[in-house]
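None of the figures in this text is laboratory data; all of them are computed from the coordinates on show. Computed from a predicted model, the values in this text were never measured in an experiment. Positions of Cβ are backbone-derived with ideal geometry, glycine not excepted, and every protein chain shown enters the neighbour counts.
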Amino acid sequence: AGGMGLEPEPLFQAWSYFRRRKFRQCADLCSQLLERPPGEQEPDSEYTVFQAAWSLKTRALTEMVYVDEIDMDQEGIAEIMLDENAIAQVARPGTSLKLPGTSQGGGPSPAVRPVTQSGRPITGFMRPSTQSGRPSTMEQAIKTPRTALTARPITSASGRYGRLGTASMITNPDGPFINLSRLNLAKYAQKPKLAKALFEYIFHHENDVKNALDLAALATEHAQFKDWWWKVQIGKCYYRLGLYREAEKQFKSALKQQDMVDTILYLAKVYLRLDQPVTALNLFKQGLDRFPGEVSLICGIARIYEEMNNISSAAEYYKDVLKQDNTHVEAIACIGSNHFYSDQPELALRFYRRLLQMGVYNCQLFNNLGLCCFYAQQYDMTLSSFERALFLAENEEETADVWYNLGHVAVGIGDLNLAYQCFRLTLVNNNDYAEAYNNLAVLEMRKGHIEQARALLQTASSLAPHMYEPHFNFAILSEKVGDLQRSYTAAQKSAEAFPGHVDTQELIKQLKQHFAML
């Protein structure tokens, strides 16, 4: 005889699964409920059990693939290169993300802090917007490092959006759960509770922005344009379709009806895509007047300052973030990297140790700890940190980073053979590592292998035209061999990448004197 176990009501059981984020079990249980004949209407509710199960299943399927639209933002090649919203081709310094000002905030120069392809200093925290940068030519765009770790550059269709309809096939072997082509959207738009669940399903799970937009337009009309939630959703659809000005109108209208932090963040995203960082900054600051101490708004301001190369202001705002939320990983990481590049590895070490105490345990963190220990002269910890980083590396790019840093440590202690091996291992793991090509070339030059050094430097400068080191080294090498014309061309490129580099200016001056004597 079994115990007196009571079997809970199936719909309640499904709701319990949903609350505990067991979406697969929830969806299966709802499917069983939907296969039964539609029951009698509940006496105290306007919905039948059938409708409740349908609504719960759409929500469970949506949650499985749900991604927060605010943080995720990957521009494809098409969006970057074929941008129709170009407002000013030559923007004033400090008003555009495409032409970040030369460190206005007194941040370290490219000689100390490496820059990304778009000319911004490398940030302390990996975000979708920091990975791609804005290449200046189509050729460069196609050569950019892959962001989604795929074999091809990110296009509008790849990245995180599954292709239309593929997500639904996976979740249901009998075909999609809801056949969108047969839906009468006008009917659903009149049932607000069902319409909201259905919209999120179409937008996130089916990734059919056009149908989602149609439903949202009908629903907002049914709500007599008084429901701010629908306006935000229409804004999101317009944003995905690339209609940024229309999206801006919807978000502004929603903000008038209901002041929400989320809507402010969406609107700022629109301004950043339109390359209007100053407008986005003002919007965040106005938002802070209404929501004082809101972490996501302060963090948004810090990110924009960092992208505009104003490092000291960014650090101030990241510190404000930590006053409100002292476990904010992004703020701690960015302040840590800022201290490291400002020649304060001991302070950076404290921030990275804090991350370790918070339970962040990955390859990047141990990599940074190893570098901080090395530059803070705590040599006993350096190699063990790098060993741990190698052990935790999840892909070849991460392994390549660790070996590259180990090569630096080897150069620092004077073991050039070890350094040579480390840089070679870097290239084994990641064939596009321009910095490793450059450093190998310097080591080859020391051995007197001029031709090999030249070939390596040419590879480095074609892989990373935004770095000044390969151009400068190639100019010096060509000048020594007597190839003054090539030396001059490379020196010009170096000066373009880093205008404040004194050695490049000296070299150009010497070459000009040579040419004058000829």
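Could you list the residues of segment 339-367 with an amide nitrogen less than 15 Å from a label point located 7 Å from the Cα of residue 392 in the Cα-to-C-beta direction?
Output list for this probe position: 349-367.
How large is the charge dipole for segment 434-517, taken about the Cα centre, if only the Cβ atoms of Lys, Arg (+1) and Asp, Glu (-1) carry charge, to the nearest 20 debye?
160
Can you give the extra length, in nm with one decimal, that the chain gains between residue 291 and residue 424 once fully stretched, where that is 0.36 nm per residue apart less the Cα-Cα distance? Could the numbers behind the result be given before it?
Details: separation 133, 0.36 × 133 = 47.88 nm, distance 5.20 nm.
Working it through step by step, the gained length comes to 42.7 nm.
Taking the Cα-to-Cβ direction at residue 249 and at residue 432 and moving 7 Å from each Cα, how far apart do the two end points lie in nm?
Taking the two extended label points, one gets 4.0 nm.
Can you tell me the relative contact order of segment 434-517? Whole percent, Cα pairs under 8 Å, sequence separation 6 or more.
So the answer I get is 22 percent.
State to the nearest 20 debye the size of the charge dipole of segment 292-345 about its Cα centre, where the only charges are +1 on K and R beta carbons and -1 on D and E beta carbons.
60
What's the percent breakdown of Cα-Cα distances in segment 434-517 across 10 Å bins, shortest bin first?
Using 10 Å bins, I get a P(r) of 21, 52, 25, 2 for segment 434-517.
Summing +1 for each Lys or Arg and -1 for each Asp or Glu, what net charge is found among the other residues whose Cβ lies under 15 Å from the Cβ of residue 232?
The answer is +1.
Give me the distance in nm between label points sitting 7 Å out from Cα along the Cα-to-Cβ direction at residue 91 and residue 381, one decimal.
Computed distance between label sites residue 91 and residue 381 equals 4.0 nm.
Run down the lysines and flag those whose C-alpha is under 25 Å from the C-alpha of residue 269, throwing out any fewer than 8 positions away in its chain.
98, 196, 210, 226, 231, 236, 249, 252, 256, 285, 319, 323
Could you give the semi-axes, largest first, of the ellipsoid that matches segment 345-431, computed as the square roots of 5 times the alpha carbon gyration tensor eigenvalues and rounded to whole Å?
21, 17, 8
Beta carbons within 10 angstrom, averaged per residue: use that to sort the peptides 356-365, 407-416, highest first. Don't jump to the answer; show the numbers that get you there.
Working: 356-365: 14.2, 407-416: 15.9.
Output ranking for 356-365, 407-416: 407-416, 356-365.
Residue separation times 0.36 nm, minus the C-alpha to C-alpha distance between residue 111 and residue 503: what's the value?
140.0 nm
Please sort 387-397, 487-497 by packing, taking for each peptide the average over its residues of neighbouring beta carbons within 10 angstrom, highest first.
Numbers: 387-397: 15.7, 487-497: 20.2.
Descending packing order for the listed peptides: 487-497, 387-397.
Between residue 193 and residue 316, what FRET efficiency follows from the Cβ-Cβ distance if R0 is 60 Å, with the result rounded to 0.05?
The pair residue 193/residue 316 has a calculated efficiency of 0.85.
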